[in-house]
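The values are calculated or read from the model by the stated rules, or taken from the named source; none is laboratory data. Because the structure is a prediction, the values reported are computed rather than measured. Here the Cβ is made from the backbone with ideal geometry for all residues, glycine too, and neighbour counts use every protein chain on show.
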Amino acid sequence: MMNVLEKAYPARALPRRCVVIIGAGFGGLACAGALGHAEVDVVVIDRRNHNLFQPLLYQVATAALSPADIAEPIRRTLGRYRNIHIMLAEADGIDTQTKRVMLKDGNAVAYDQLVIATGSEYNYFGHDEWQRFAPGLKTLHEARRIRHRLLLAFEKAEQTKDPAERRALLTSIVVGGGPTGVEMAGAISELGRSMASRDFRTIPLSDLRVILVEAGPRILSAFPEHLQTYALGYLEKIGVDVRLGAQVSDITMEGAVIAGEMVPAGNIVWGAGVKASPASRWLGLEGKANGRIPVDSKLRVEGYEDIFSLGDTSVQSGDNGAPLPALAQVAKQQGHYLGKLLAKIDTIEIAKPFHFNNRGNTAVIGRNAAIFDFGRWTLKGYLAWILWAIVHVYLLVNFEKRMLVTLQWIWRYLTRQRGARLIDENDREDVLPAARR
């Protein structure tokens, strides 16, 4: 079996060290960027050809932004680094004896040091069959599915003469009261009210329902209680039906069973929890905290000197002894740290341990409403919303994306219109039954 990098460059010997990075999310890209121009070959493996700014994926799902606004080809992001090689492939295992990453197509990539940054996926708690009816928000495909179902449900509701059918079509259920669920519920409510009042003629506002289901006693459990209370009040103000202490026991093509009650729905979104990718099984490890790989203070996988892990794939204790949260800012900081560390591998033993610099936790609730938790102080309301927008524009991958998103946000704020309301007529079967009739 030939090393893929040798196959791609047969005339070139590879005397330099080779760092292989599996995953081009926040952490993987930051690590690769920190290794750019270093005296080392870098191979970045990802099953998608683009990186994705997931914090704004809910805006694609609710027609506020187009997919291209928050995604960019990995080759464009890393193309300026001549020592970085991009592979569109899917990792399927790791042979730690021969130090090779096994790919699904049967090839392999040899490494000197390996970085596992494969991220996370939604946890359906043993009910993976629910994913068909209640997609999460991890990929552009899922965001487009949600947008398609949502918009098509409104079109069908405009045509039906049956009040019960119309009410079912206009019911959206969001499962999970974390930041993703809260952001989705608020965005769906605002989108629905805007479309019903401006663009549709037979849809009464009273038929619009957005139900946010949270099994725990509070939404946004990672935030201080007064910010939770503010968020709950705002959601209720814009018409979101927040059901706390309620569990979803079944999801079907017709709707969801919430606290024993079957609720017909035209759209269901899952945001109730995540688990790490199956990377821990590649190493024969029993993952901790929903399958995350345990790492030491320098992000080395326990038991291995040449394998590292970061971001949502790994679990590392912070200064207070608690596991670091699965946030984009954690992954980016870890990636930058690890890239610098791997550029000078001989100094790893004397290098300082990774230290997470918490820049605050945030969630947007709706128009003019967001929350920020900086630890020692908090912010909510309009100023928090402005700060949320500034931070998220800044974190986009390049200047072009920042300008596009900024201009669209300004236009949407002034006009309350959303420009990405497109329905693909070839995908009408990918909706719940109520919207197909």
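Determine, yes or no, whether residue 314 is polar (S, T, N, Q) and crowded, with 17+ Cβ neighbours inside 10 Å.
Considered against the rule, which asks whether it is polar (S, T, N, Q) and crowded, with 17+ Cβ neighbours inside 10 Å, residue 314 comes out as yes.
State which residue pairs qualify: first residue more than 18 Å from residue 55 (Cα to Cα) and at pLDDT 95 or above and inside region 375-400, second residue assigned to a helix (DSSP H, G or I) and among the small types (Gly, Ala, Ser) in any location, beta carbons under 9 Å apart, and separation of 6 or more residues or different chains.
What qualifies is 378/384; 380/231.
Would you point out which residue out of 244, 191, 205 is within 22 Å of residue 156 (Cα to Cα) and surrounded by fewer than 17 Cβ atoms within 10 Å (Cβ to Cβ)?
Of 244, 191, 205, the one residue that is within 22 Å of residue 156 (Cα to Cα) and surrounded by fewer than 17 Cβ atoms within 10 Å (Cβ to Cβ) is 205.
Applying the selection to region 153-174, what residues are among the β-branched types (Val, Ile, Thr), touching a helix residue (DSSP H, G or I) at 6+ places or on another chain (Cβ under 7 Å) and more than 15 Å from residue 204 (Cα to Cα)?
Within region 153-174, 174 is the sole residue that qualifies.
Among the strands (runs of 3 or more DSSP E) confined wholly to region 233-321, which include 2 or more residues that are of a type outside the set (A, V, I, L, M, F, W, C)?
240-244, 248-251, 261-264
Identify, by number, the condition in (1) under 29 Å from residue 219 (Cβ atoms); (2) small (Gly, Ala, Ser); (3) modelled with pLDDT under 95 that residue 279 doesn't meet.
Looking at each condition in turn, residue 279 falls short on (1).
With respect to residue 300, determine if the residue is outside the structural domain of residue 394 (by TED's automatic domain parsing), surrounded by 14 or more Cβ atoms within 10 Å (Cβ to Cβ), modelled with pLDDT of 95 or more and in contact with a Ser or Thr (Cβ under 9 Å, 6 or more places away or on another chain).
Answer is yes for this residue.
One line per residue, one yes/no per condition, for (1) surrounded by fewer than 20 Cβ atoms within 10 Å (Cβ to Cβ); (2) in the same structural domain as residue 184 (by TED's automatic domain parsing); (3) closer than 18 Å to residue 154 by Cβ; (4) touching a Ser or Thr at 6+ places or on another chain (Cβ under 9 Å):
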position	(1), (2), (3), (4)
232	no, yes, no, no
240	no, yes, yes, yes
256	no, yes, no, yes
261	yes, yes, no, no
268	no, yes, yes, yes
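Can you confirm whether residue 281 is within 21 Å of residue 29 (Cβ to Cβ), basic (Lys, Arg) and either surrounded by fewer than 24 Cβ atoms within 10 Å (Cβ to Cβ) or under 20 Å from the mean Cα position of the chain (by Cα) (or both)?
no
If I filter region 114-121 for residues that are part of a strand (DSSP E or B), surrounded by fewer than 24 Cβ atoms within 10 Å (Cβ to Cβ), touching an Asp or Glu at 6+ places or on another chain (Cβ under 6 Å) and in contact (Cβ under 8 Å) with a residue 60 or more places away in the chain, do I get at least one hit?
Yes, some residue in region 114-121 is part of a strand (DSSP E or B), surrounded by fewer than 24 Cβ atoms within 10 Å (Cβ to Cβ), touching an Asp or Glu at 6+ places or on another chain (Cβ under 6 Å) and in contact (Cβ under 8 Å) with a residue 60 or more places away in the chain.
Hand me the list of strands (runs of 3 or more DSSP E) wholly inside region 17-69 holding 3 or more residues that are farther than 30 Å from residue 410 by Cβ.
18-22, 41-46
Identify the single condition in (1) surrounded by 17 or more Cβ atoms within 10 Å (Cβ to Cβ); (2) in a strand (DSSP E or B); (3) in contact (Cβ under 8 Å) with a residue 24 or more places away in the chain that residue 93 does not satisfy, given that it satisfies every other one.
Of the numbered conditions (1) surrounded by 17 or more Cβ atoms within 10 Å (Cβ to Cβ); (2) in a strand (DSSP E or B); (3) in contact (Cβ under 8 Å) with a residue 24 or more places away in the chain, the odd one out for residue 93 is (1).
Would you confirm, using the coordinates I've provided, whether residue 10 is at pLDDT below 95 and over 30 Å from residue 194 (Cα atoms)?
Considered against the rule, which asks whether it is at pLDDT below 95 and over 30 Å from residue 194 (Cα atoms), residue 10 comes out as yes.
Could you list, in sequence order, all residues of region 358-379 that are within 23 Å of the chain's Cα centre (by Cα) and either part of a strand (DSSP E or B) or closer than 30 Å to residue 18 by Cβ (or both)?
Hits for region 358-379 are 361, 362, 363, 364, 365, 366, 369, 370, 371, 372, 373.
Within region 212-225, identify whether any single residue is within 26 Å of residue 377 (Cα to Cα), without any contact (Cβ under 8 Å) to a residue 24 or more places away in the chain, surrounded by fewer than 15 Cβ atoms within 10 Å (Cβ to Cβ) and among the acidic types (Asp, Glu), and answer yes or no.
Taking every residue of region 212-225 in turn, at least one turns out to be within 26 Å of residue 377 (Cα to Cα), without any contact (Cβ under 8 Å) to a residue 24 or more places away in the chain, surrounded by fewer than 15 Cβ atoms within 10 Å (Cβ to Cβ) and among the acidic types (Asp, Glu).
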